[in-house]
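Student: The following block contains the structure, expressed as structure tokens.
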Amino acid sequence: MPSAAPTASLFLKEATALLGADRVFAQEEDSAAYSDQMAFEPQAHAPSGAIAPQSVEEVQALLRLANRTGTPLWPISRGKNLGYGGSAPVQAGAVILDLSRMTRILEIDIDRGYCVVEPGVSFYDLYDVLQSRHGHKLWMSAPGNAWGSVAGNALERGKGPQPYGDHGAQICGLEVVLPDGSLIRTGTGAMAGSRTWNLTHDTYGPAWDQMFCQSNFGVVTKLGLWLMPAPEATMTLDLQLPEAEDLKRGVDMLYPLRLRGLIDHDPAWVSYVGIASYVGPRSTWFEGEGLLPDDKGREIRQKLGIGWWNCQLNFYGHEKVIAAKCEAVIDAIAQHFPKRPVASVWRQGDPFMQSKAGIPGTRDMAMIDWYGGRGGHMGFSPILPADGAAALAQFERTRARFIEAGLDYYGAFSVGARAVVNINEILYSRDDERMASAVPQLMHHLIADAAAQGYCEYRTHIDYMDEVAGTLNFNEGAMGRLNGLLKDALDPRGILAPGKQGIWPARYRS
Ligand code: ADP
């Protein structure tokens, strides 16, 4: 991979003159702090340093400076893209453009259900304001590990288990600094004084919001995001299926209900190791070497009272409406369970923690302690058709690869109306030399296996961005050529996040 380092020191020197020394982080320990905290070899993606602008004008000035010095910049919002590279760039030596000091919540419109945030606004920040100033009249969706930013997560198409849980799809209206330093607003925000910027995806001409998701075409400085009006009540069904093969019926029982609007979020079937990892490290259950034995797995499930697959179905809205929907769903799925599932109810006024709103937390992070030592996790996230047989086959292929790699399987299948997002978490200890070679090998196999089935990833770790981009091979990689054309037109000096999502500017393409 081409190195980005040569001009970084000149850039950082001039950036210091521009912004002041207290916004430049160029010591060795800074580079370490912005590296991938979960990597076996963090130096492979170590940045030269970081710079933290506080305004749009400063972002523009830094991009112009980067063009002058030819220095690659890697924008991050809060840099918590854990499992996919954290705050680290694809290219070692790039300078991190750390937007975490841009923390204004510019607008919250309770009546029309949206907010406009700067990149550094965290899930906790937004939650606090929705709670303290607006009495939870709007509910947000939050990912499992909610350390990161609202904007960065949405731009990566992060997911949450709530009705507005497809975060990328809730984006409405972006302000973007293009690689040359110029400023645009997408959608109807293209009109000065627009009164509908964050209200509609309709616009005149092409709609560009999604162009800035998982791309290196611009730095997003403001992001409009739709939020859910607080429901009057929620109802919850906790479901379990006892055997690994039950995934087939697990998917087939849910997607038709999702398609017909009886379920309005993507419920996920989560394998038991994931749930056990929130309770304690693997040593809680098993001290031995090698794979977690089947009988230990059974013991875990028994002790925790969980299934091989576990799923929570939530209903949000007027109590009469959701009670009817919930009843119809129970009628449709009851045959699959030994006892007819019974819903729990939450009503406005009950403790908010029990509401099933998106409440930021970091419980899922416990998974990195599974093996003990300096832990880590890496996501492998293919998209499958909503079809039980396809999901089961994918699970079996994936689990066989985990077994081959000597790693305990942990996966979740998030059931949409037409597709299933299969997020697998590869858990490891960075102190384990065997795992240091097993994990990358496993990733290579999984990417190739999925591509052979016609399944594409929805997101990947910085180590595998080229590899996954290489699987987009229709018409000899026509999408890669289009992305390259756009990249060169927008960023002729090739300074913005080279290599992100496998998109390289001309200066680095051979
Ligand atoms: P979070 O802190 O929300 O988890 P990150 O800040 O780590 O997210 O962002 C994840 C990735 O998304 C970054 O590595 C970068 O490629 C991209 N990204 C994040 N914020 C922006 C932004 N404001 N503009 C453009 N790309 C961004």
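Where a number appears in this text, it was derived from the coordinates with a stated rule and is not lab data. As the structure is a prediction and not an experimental result, all values here were calculated from the model. Methodologically, a virtual Cβ is constructed for each residue, glycine included, from the backbone with ideal geometry; neighbour enumeration extends over all protein chains shown.
Student: So for the stretch 5-101, taking the charge dipole from beta-carbon charges (+1 Lys/Arg, -1 Asp/Glu), which of Val56, Ala39, Gly70 sits furthest toward the positive end?
Tutor: Val56
Student: Distance from the Cα centre of the stretch 326-345 to that of the stretch 388-454, in angstrom?
Tutor: Value for the Cα centre distance between the two parts: 30 Å.
Student: How would you rank 88-100, 336-348, highest first, on the average number of other Cβ atoms within 10 Å across their residues?
Tutor: In descending order of packing, they fall as 88-100, 336-348.
Student: Hey, another quick one. Within 14 Å, Cβ to Cβ, of Ala469, how many net charges do the neighbouring residues add up to if Lys/Arg are +1 and Asp/Glu are -1?
Tutor: 0
Student: Given only helices, namely DSSP H runs of n ≥ 4 each adding -39500 (n - 2.57), what is the per-residue ellipticity at 222 nm of the chain, to the nearest 500 deg cm²/dmol?
Tutor: Taken over the chain, the calculation gives -9000 deg cm²/dmol.
Student: Between the alpha-carbon centers of the stretch 145-201 and the stretch 1-50, tell me the distance in whole angstrom.
Tutor: Using only Cα atoms, the two centres lie 27 Å from each other.
Student: Follow-up question, since we're still on this one. Quick one: length gained pulling Arg418 to His201 fully straight, 0.36 nm per residue minus the C-alpha distance?
Tutor: Length difference between fully extended and current span is 76.0 nm.
Student: Only Lys, Arg, Asp and Glu count, each charged at its Cβ (+1, +1, -1, -1), so figure out the dipole size of the chain about its Cα centre, rounded to 20 debye.
Tutor: Its charge dipole is roughly 860 debye.
Student: Any chance you could run the full-extension gain for Gln335 through Tyr508? It's 0.36 nm times the residue separation minus the Cα-Cα distance, nm to one decimal.
Tutor: Here the segment from Gln335 to Tyr508 would lengthen by 56.5 nm.
Student: Using a simple spin-label model with points 7 Å from Cα along the Cα→Cβ vector, what separation in nm is obtained for Tyr278 and Asp180?
Tutor: Simple spin-label model gives 5.0 nm for this pair.
Student: If you average the sequence gap of Cα pairs under 8 Å that are 6 or more apart and divide by the length of the chain, what percent do you get for the contact order?
Tutor: This gives 16 percent for the chain.
Student: Still on this structure, please answer the following. For Gly181, what charge total do you get from the other residues with a beta carbon under 13 Å from its beta carbon, if Lys and Arg give +1 and Asp and Glu give -1?
Tutor: -1
Student: Mean Kyte-Doolittle hydropathy of 0.0 or higher plus an axial Cα length of 27 Å or more: which whole DSSP H helices in the chain meet both?
Tutor: 433-452
Student: With label points built 7 Å along Cα→Cβ from the Cα atoms of Asp295 and Arg374, find their separation and express it in nm.
Tutor: Output for this residue pair reads 3.7 nm.
Student: What does the extension gain come out to for Leu18 and Leu482, with contour length at 0.36 nm per residue minus their alpha carbon separation?
Tutor: Full-extension gain reported as 163.5 nm.
Student: Let me ask something else about it. Among all lysine pairs in the chain that are eight or more places apart or on different chains, how many have alpha carbons less than 18 angstrom apart?
Tutor: 7
Student: Separate question: Measuring from label point to label point, each 7 Å out along Cα→Cβ, what is the Lys320 to Asp449 span in nm?
Tutor: Here the answer is 5.1 nm between the modelled labels.
Student: Quick check on the stretch 344-480: of the DSSP beta bridges with both residues there, what percent are antiparallel, nearest 5%?
Tutor: Among the beta bridges of the stretch 344-480, antiparallel pairing accounts for roughly 95 percent.
Student: Over the stretch 105-229, calculate the relative contact order: mean separation of alpha carbon pairs under 8 Å at least 6 apart, over the residue count, as a percent.
Tutor: Here the relative contact order equals 31 percent.
Student: If you place +1 on the Cβ of every Lys and Arg and -1 on the Cβ of every Asp and Glu, how big does the dipole about the Cα centre of the stretch 454-510 come out, in debye to the nearest 20?
Tutor: 240
Student: Given the convex hull over the Cα atoms of the stretch 369-510, what projected area results after averaging over all orientations, in nm²?
Tutor: 10.1
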